[in-house]
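The values are calculated or read from the model by the stated rules, or taken from the named source; none is laboratory data. A quick note: this is a predicted structure, and the numbers were derived from the prediction, not measured. Here Cβ is always computed from backbone atoms with ideal geometry, including for glycine, and neighbour counts include all displayed protein chains. Only protein heavy atoms, including side chains, enter the accessible area calculation; ligands, DNA and RNA are left aside. Shrake-Rupley method; radii C 1.70, N 1.55, O 1.52, S 1.80 Å.
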Amino acid sequence: MASANTNVPRYIPNLSPSKSPFPLLNNQTSSTMEMESPLPTQNELGTGRQRGSFRDTSSCTGAEAFLTWDDLWVTVPSSSGTDTRGKNNGKAILQGLNGYAQPSEILAIMGPSGSGKSTLLDALAGRLASNTKQSGLIKVNGRKSLAFGTSAYVTQDDELTTTLTVKESIYYSAMLQLPESMTNSEKKERAETTIRDMGLQEVMDTRIGGWYNKGLSGGQKRRVSICIEILTRPKLLFLDEPTSGLDSAASYHVMDRIEKLTKQCGMTVIASIHQPSSEVFDLFHKLCLLSFGRTVFFGPASAAYEFFTLNGFPCPTKRNPSDHYLRTINKDFDNVSLIQNEDTEQGLEGNNCKLLTTEEATNILVESYRLSQFSQEVKLRVSEISNKEGRILEKGSHACFLTQSIALTKRSFVNMNRDLGYYWLRLGIYISISVCLGTIFYDIGYTFDSIQARGSMLMFIATLLTFMSIGGFPSFTQDMMIFERERLNGHYGVTAFIIGNTLSSTPYLLINTLIPGAIAYYLAGLHKGFEHFLFFVLVIFVSVILVESLMMIVASMVPNYLMGIIIGSGIQGVMMLNAGFFRLPDALPNPFWKYPMYYIAFHRYAIEGLYKNEFKGLSFPRSQGEGSSTITGEEIIEKIWQMPMSYSKWIDLYILFGMVVLYRLMFFVVIKTSEKIKPILRSFSVAHYKPTKQSNHGVP
């Protein structure tokens, strides 16, 4: 059992058999309920008082987090369509919930599958899906908004860099999150200590694992995710199924360590949990028991046993209490439960026992809690906490921007090197195609027919190498998922991620363009001279970076990599059509394809630069029947390919580089805009949404 805390209410019931410690308000019975700890004072709300000692006191300072929610409703659009008034009131996932969480305590959210546990966590953390509607008040330290990046959230999906080892994952995260006041050796020690606390010391050098190797088990990945988020001892921590995939012993040790950290650093921990063992259950200070979005019980975890007993659902001897609670309120299978309706003193052998379905049992418990004095005490405590404004919960001290950029660059570089699907597989395909291309156009020569052949080959290279950059999109999507999780938890900013991704990918992109480009260029015998070859590689190199920048924007706007590949391919296909090869520039229709598409298609500038680099300075024999015996490269560019010669090939390269910068800035703007707009839209939705009170499934 978690040790009593001075801020944890203890309920001392009157033990007379005729009186209940949780009386219904409409009953004539009475009880004694004493709360030994007062409500938090104004000084306690966010003064950073400590409830224990911890050797890294710098990470245990700052405002404490008092979280409250009042009359919380969350609905999603109903698939059944609209009502008679043409409105879709939606399906209620959460129905009028009230509760609170306070420092140095773990609040456990329990309930059957589909009861709304994860939805409640998402609502409290401000991470509900865009198709949901929310009403009610959620406050942190008496303030309505939870600042971005001020809480940590361990989701059910363990989004981890699969190519890194456990030690590398935690160490890089420590370098990103822990403050500059800590030395690298102290950060490393913190990472190793956290690994040992989560029981991962035996797999420290094992890679996380992905599609190409086994790696860690699901339970070990879950512990790695927890390690990453508790490095900084966040003041507000959300855990969604933290014991999922763990055996009973591992579950206990993990939750025991979290419980100790909670008290030592004054953390406020809210955890949804499916079916804890009795040892794990004893670690929880508060329990929120849900059934299909309704509150069955909220209060001290130890009081739930007596609450169920007094309502006619006593826990059988030697049964885990949490198992009993969930079995009683799980309506999915509508099992039969035994209830003593009136006389609880006679035990289950009395004459007043009758059989009820689990839905009926749940309705009785929900109504009993709603009418109990205990429910009124919870509402009173929520009201008093939420009406006292404490200190604003702010982001903790993190590493500086330079340190974060370096750490992200190193981590991304290692990941790209180890992930075969990121660049190495693509390099193999590029080399194979370059050999085929070079042998087909081998020693292309300087005949009149070689003009068309050179144009076709350069067009194919420029489009193929850029188009195949989409092949690395699934790996990049995985990086984006990790970035989204770490960004929401406040590990680092968008700028650091962009710099790290750009610097780490540059060497690999250079290899992917230099080697295949050299094979195709020299086998075909294109324009001789190192300067021309260097420009050829630079154009391809910048074009590939440009496509990766474009796909970054796509990845930030689509939900999965399949849609991203389709959309990215479509965008590139449209741009290739406007490049000036398949349809010459003068023949493009003016209203749309010439203006503006021809001028914003990056393939146009890539091909234009390559053609100028290849044809300028060369001459070719004319076809039979024409006047002059030769035609210059400048004439070919202007008359055959219809490209301007008023500016040099280097301008085309500069334009491509400028588009790279523009696309990266667009990615930055999309991410930052979503950060600003989503809270506004959420607030607007909450302000204008009024839930329709739904049926209580038989509750009078």
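Within the set Ile553, Ile482, Ile545, the sole residue that is under 25 Å from Trp650 (Cα atoms) and touching a residue at least 60 places away in the same chain (Cβ under 8 Å) turns out to be Ile545.
All conditions but one from (1) at pLDDT 90 or above; (2) surrounded by fewer than 16 Cβ atoms within 10 Å (Cβ to Cβ); (3) over 30 Å from Pro103 (Cα atoms) apply to Leu380; the one that does not is (3). Here Phe581 fits the description: touching a helix residue (DSSP H, G or I) at 6+ places or on another chain (Cβ under 7 Å), open to solvent by 30 Å² or more (accessible area, probe 1.4 Å) and in the same structural domain as Ile440 (by the TED database). Among the candidates Ile519, Ile571, Ile567, the residue that is touching a residue at least 24 places away in the same chain (Cβ under 8 Å) and in the same structural domain as Ile451 (by the TED database) is uniquely Ile519. Does Glu389 satisfy the criteria of being outside any helix (DSSP H, G or I) and open to solvent by 10 Å² or more (accessible area, probe 1.4 Å)? Yes: the conditions hold for Glu389. Among the numbered criteria (1) in a strand (DSSP E or B); (2) of a type in the set (Phe, Trp, Tyr); (3) surrounded by fewer than 19 Cβ atoms within 10 Å (Cβ to Cβ), which one does Phe333 miss? Looking at each condition in turn, Phe333 falls short on (1).
Look at Arg143 and say whether it is outside the structural domain of Thr194 (by the TED database), out of contact with any strand residue (DSSP E or B) (no Cβ under 9 Å at 6 or more places or on another chain) and open to solvent by 10 Å² or more (accessible area, probe 1.4 Å).
Considered against the rule, which asks whether it is outside the structural domain of Thr194 (by the TED database), out of contact with any strand residue (DSSP E or B) (no Cβ under 9 Å at 6 or more places or on another chain) and open to solvent by 10 Å² or more (accessible area, probe 1.4 Å), Arg143 comes out as yes.
Name the residues in the stretch 75-114 that are polar (S, T, N, Q) and either open to solvent by 20 Å² or more (accessible area, probe 1.4 Å) or modelled with pLDDT under 90 (or both), would you? Of everything in the stretch 75-114, those that are polar (S, T, N, Q) and either open to solvent by 20 Å² or more (accessible area, probe 1.4 Å) or modelled with pLDDT under 90 (or both) turn out to be Ser78, Ser79, Ser80, Thr82, Thr84, Asn88, Asn89, Gln95, Asn98, Ser113. Whenever a residue of the stretch 448-462 is not assigned by the TED database to the domain that holds Ile519, it has no partner that is charged (D, E, K, R) and open to solvent by 10 Å² or more (accessible area, probe 1.4 Å) lying with C-beta atoms less than 9 angstrom away and at least six residues away or across chains. Residue count for the stretch 296-319 satisfying the condition of being out of contact with any Pro (no Cβ under 9 Å at 6 or more places or on another chain), open to solvent by 20 Å² or more (accessible area, probe 1.4 Å) and outside any loop (DSSP other than H, G, I, E, B): 2.
Within the stretch 422-437, the residues that satisfy the criterion of being of a type outside the set (A, V, I, L, M, F, W, C) and either outside the structural domain of Phe476 (by the TED database) or under 12 Å from Tyr508 (Cβ atoms) (or both) are Tyr422, Tyr423, Arg426, Tyr430. Exactly one residue out of Ile230, Ile258 is within 20 Å of the chain's Cα centre (by Cα) and within 28 Å of Ala63 (Cα to Cα): that is Ile230. Tallying residues that are of a type in the set (S, T, N, Q) and crowded, with 19+ Cβ neighbours inside 10 Å within the stretch 195-233 yields 3.
Candidates Val154, Val166: the one that is in contact with an Asp or Glu (Cβ under 7 Å, 6 or more places away or on another chain) and open to solvent by less than 10 Å² (accessible area, probe 1.4 Å) is Val154. Among the residues of the stretch 88-106, the ones that are assigned to a strand (DSSP E or B) and touching a helix residue (DSSP H, G or I) at 6+ places or on another chain (Cβ under 9 Å) come to 9 in all. Quick one: count up the residues across the stretch 463-479 that are over 17 Å from the mean Cα position of the chain (by Cα) and touching a residue at least 60 places away in the same chain (Cβ under 8 Å). Final tally of qualifying residues: 8. Among the residues of the stretch 175-184, some residue qualifies, meaning at least one is without any contact (Cβ under 8 Å) to a residue 60 or more places away in the chain, open to solvent by 10 Å² or more (accessible area, probe 1.4 Å) and at negative phi. Number of residues in the stretch 107-141 that are over 25 Å from Gln275 (Cα atoms), of a type in the set (Val, Ile, Thr) and either within 17 Å of the chain's Cα centre (by Cα) or part of a strand (DSSP E or B) (or both): the value is 2.
Every condition in (1) part of a helix (DSSP H, G or I); (2) in contact with a helix residue (DSSP H, G or I) (Cβ under 9 Å, 6 or more places away or on another chain); (3) surrounded by fewer than 18 Cβ atoms within 10 Å (Cβ to Cβ) is met by Gly472 except one, and the failing one is (3). Restricting the stretch 600-636 to residues that are open to solvent by 20 Å² or more (accessible area, probe 1.4 Å) and in contact with a strand residue (DSSP E or B) (Cβ under 8 Å, 6 or more places away or on another chain) leaves a set whose member that is nearest to Leu538 (Cα to Cα) is Leu618. Taking the conditions (1) in contact with a Lys or Arg (Cβ under 8 Å, 6 or more places away or on another chain); (2) under 25 Å from Thr150 (Cβ atoms) in turn, Leu237 satisfies each one other than (1). For the stretch 512-531, give me the residue count where each residue is within 21 Å of Tyr654 (Cα to Cα) and surrounded by fewer than 18 Cβ atoms within 10 Å (Cβ to Cβ). Final tally of qualifying residues: 3. Considering the stretch 234-267, the residues that are in a loop (DSSP other than H, G, I, E, B) and in contact (Cβ under 8 Å) with a residue 40 or more places away in the chain include one that is most open to solvent (accessible area, probe 1.4 Å), namely Ser244. Of Met576, Met597, Met551, all but one fail to be part of a helix (DSSP H, G or I), surrounded by 22 or more Cβ atoms within 10 Å (Cβ to Cβ) and assigned by the TED database to the domain that holds Arg426; the exception is Met551.
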